[in-house]
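Working notes, beginning with the structure itself.
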Amino acid sequence: MTEVSTSGNRPCVIPIQRLDDDVLINIFYHYRPVILDEDEVDLVRILQGGEWDRERWWYKLAQVCRRWRYLILASPSYLSLCLVCSYGTPVADMLAYSPPLPLVIDHTVRYHEVTVEDEEAILLALQHHDRVRRIRLQMPIPNLQRLIMAIDDHYPILEYLFLAPNTKHETNLRLPQTFQAPQLRHLVLNIACPIGSPLLTPIVGLVTLSLNNILSSAYFRPSGLLQQLSLMPQLETLGISFHSPVSNHAERPLLHTPTMARVTLPNLRWFGFQGVSIYLEALLSRFTTPLLEKLQILFFNQLTYTVPHLLEFMGAAANLKFGSAKFTFHEKAVVVTVYPHEGDRLYAFMMVVRCRHLDWQVATIAQLFNALSPVFADVRHLTLDYYGHFLSFEWHNDVDPTQWHELLKPFRNIKKLVVDNGLVGELSRSLLIDGIEQPPELLSALNELRIFGRGDYGDGLMPFINARQVSGRPVLLVVESETESESESDSDSDWY
């Protein structure tokens, strides 16, 4: 039964069988699920294109009655119908007895093997290259290599291609040389891909391009990458990720950038990079993205970072808004996420630096954020989170207080500071030494200091609180219990 109108206080209800065909088709159209949720924050899920299994939404509706089945199958384009080839799908029977609808091939295996039957089913579906709309393959390297080499034909309606091994280890997979996909819009490759590959050269209409796990042997010059990007004006998402750094001796010849015009990507909203700072600087020196809304950077560990072009690039991105920042110190990396406003789930900027030990992490991130300090003047809320790990033997047992000063200095206008209990001792030694505030201008706008996490907080911060009270700049100290503090996990932890 369907409610269509009201009369007085009683709804007017008519049987659904009496709805005409146009109304039913529109109901089916609006019933279609969203494949990728708009509020999704997980980087991997976004790049994978969402829940492709939801494309089966119409299967049960088509079994309700003959009329519904006829209406649905009579409007395949309007309803974007397709057939999903995934685990356990009897592909041979489906191809034999189903209408010739577009095919979605979805096999992402992370924790179990690909059976012979699975591989044969995928190969069978790939043979119908004129019907394949999307391909997503993540599996052991031997299976993936065999299937990749089968993608060697003309795929006239292919829109999405995602290829990845189910391991982070260095891999060198061969790519097909005769692949063509004129309608390809999303290309995500977690395998080595030369910049001159046939996978890249003809694709003018790309919306998503993510090249990950690029081997040191396959490094390409920034100038070559920029030349390719200049032919992709529709790009909205761009990711470049190198598997590991190369030595400075081998790196500098690669980074020689001949004189060339700046490349503008007018539609780019999301840019991610993993590698060394010298490569990113060479890239950004000729790179303009006026509508950028999200920036992600992962640096391999270096002794020094020089990032003037990154500062210029971020300063020119009018849509990058920074109001709240969070530093998370992990065992193997320090992660900084910056949000437009406090409480936002979608960050505007993420920086990850792969290095161990708290003392090295604080010194490294302080160096970077002091170089970038002009773009963080509007941050009002700062969180320091900590996943306990050992300090290095190369440095003092405690972080040099001046390094904490350098880390906090770029955030001169913060009003609220939230600190994990594991960092309270470090912070208290840095803010006040022998009863003297060090330096007085540090955290000068602060009016709330909130502590969270496990353990006994002690009175380590009380001298600082008292000193601020005496100076006429009081700071409210709030101590949260473990149940009150939120436990967070980084949704993009796979990235680093």
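Assorted remarks:
- HN-Hα J in Hz across the stretch 112-117 - Karplus 6.51, -1.76, 1.60, θ = phi - 60°, x for Gly and Pro: 8, 7, 8, 6, 4, 5
- Shown in residue order for the stretch 401-406 are the 3J(HN,Hα) couplings computed by the Karplus curve 6.51 cos²θ - 1.76 cosθ + 1.60 at θ = phi - 60°: x, 5, 5, 5, 4, 5 Hz (x for Gly and Pro).
- Sequence-distant residues sharing a close amide H with Leu298 (under 5 Å, placed H): Phe273, Gln274, Gly275, Val352
- Burial ranking of peptide ranges 321-333, 367-379 (average Cβ count within 10 Å, highest at the top): 321-333, 367-379
- In order along the stretch 369-383, the phi-based Karplus estimate (6.51 cos²θ - 1.76 cosθ + 1.60, θ = phi - 60°) of 3J(HN,Hα) comes to 6, 5, 5, 9, 4, x, 7, 10, 5, 8, 5, 10, 10, 10, 10 Hz; Gly and Pro are listed as x.
- Here's how it looks for Ile451: its modeled amide H is under 5 Å from those of Val419, Val478, Val479, Glu480, which are all 5 or more places away or on a different chain.
- Ranked list, fewest to most other Cβ atoms within 10 Å of each Cβ, for Lys294, Lys415: Lys415, Lys294
- Highest to lowest packing among 346-359, 70-83, scored as the average C-beta count within 10 Å: 346-359, 70-83
- Average projection, convex hull of the Cα set of the stretch 82-184: 6.2 square nanometres.
- Scanning residues 5 or more positions from Val334 or on other chains, those with amide H under 5 Å from its amide H are Val353, Cys355, with H placed 1.01 Å from N in the peptide plane.
- Ranked by how many other Cβ atoms sit within 10 Å of their own Cβ, fewest first, the residues Ser98, Ser430 fall in the order Ser98, Ser430.
- Relative contact order of the stretch 19-80, pairs being alpha-carbon contacts under 8 Å that are 6 or more residues apart, as %: 35 percent
- Cα-Cα over 22 Å, subset of Lys294/Lys415; Lys321/Lys409; Lys294/Lys409; Lys332/Lys415; Lys332/Lys416: Lys294/Lys415; Lys294/Lys409; Lys332/Lys415; Lys332/Lys416
Bear in mind that the values in this text are calculations on the coordinates, not laboratory data. Owing to the predicted nature of the structure, the values given are computational and were not obtained by experimental measurement. Glycine also receives a Cβ, built like all others from the backbone with ideal geometry; neighbour counts cover every protein chain displayed.
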